[in-house]
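These notes are about the structure you will find just below.
Nothing in this text is a laboratory measurement; each read-out follows from the coordinates by a stated rule. These figures come from a predicted structure and were not determined experimentally. Cβ: placed from backbone, ideal geometry, glycine included. Neighbour counts: every protein chain shown.
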Amino acid sequence: MELIKVVRKLEKLLKDPLPGRVGQLRMLPGGVNEERFSIRDDHRKGAVLMLFFPDSDSSFVPFIKRPEYPGVHSGQIAFPGGKWEPEDGDLSVTALREAEEEIGVYAEKVTLLGKLSDVYIPPSNFLVTPFIGFISEKPDFIPDPIEVERIISCPFPVLVDKEIRKLTQVVGSSGSRFETPYFDIDNEVVWGATAMMLGEFTYLWENSRF
């Protein structure tokens, strides 16, 4: 699907109330658990960027694969993003800054369209705001060698294809094994908070009036 068509539809969709948990719950790890949405008072804030860019006659969304490290998100697939810093001011600045640092997309070239509902991540105690934006030209990605193992560019038609939504067993940060829904993107298991964000996004896209 061409970028301009995706952008025009999103401009309309993001003006309406967001589906929130209705969409997120479809991809909730380990089954439905309302405690998953209990946010601690001492939580940290963060933001990520779901970025659309053109290539040939279609649009794509980049994901990053985190390197292996001693942390709760080791080796996971995510949107570019990270921790809010006081100098950021607005969380949208955080999303743009982190995208520039992690994948080399200049913040000033990104047009923000809106945002999805916040997602709380209990293992790292982050409340993350997903922003949606686009860039008019295919970027020359420059992955941060410390924070990014590789960049995965997913064609938009693949992203909204229901056939890539599957179930698997994962090992959580506590060491326990459980079943979780996930998006099969480029043979990677996209689960957890990123999958919940995509769950809301795909719900919004599939249930649009346009």
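Points worth noting:
- Odd one out for Ile132 among (1) over 23 Å from Phe183 (Cα atoms); (2) in contact with a Phe, Trp or Tyr (Cβ under 9 Å, 6 or more places away or on another chain); (3) not charged (D, E, K, R): (1)
- Residues of the stretch 1-25 satisfying the condition of being in contact with a Gly (Cβ under 7 Å, 6 or more places away or on another chain) and not small (Gly, Ala, Ser): Leu14, Gln24
- Of the strands (runs of 3 or more DSSP E) entirely within the stretch 18-109, those holding at least 1 residues that are over 26 Å from Val158 (Cβ atoms) occupy 44-55, 81-83.
- Test: residue in the stretch 95-108 that is of a type outside the set (Ser, Thr, Tyr), without any contact (Cβ under 8 Å) to a residue 40 or more places away in the chain, surrounded by fewer than 16 Cβ atoms within 10 Å (Cβ to Cβ) and over 19 Å from Ile146 (Cβ atoms): yes
- Checked against the criterion of being small (Gly, Ala, Ser), under 13 Å from the mean Cα position of the chain (by Cα) and surrounded by 12 or more Cβ atoms within 10 Å (Cβ to Cβ), the candidates Gly199, Gly172 yield just one match: Gly199.
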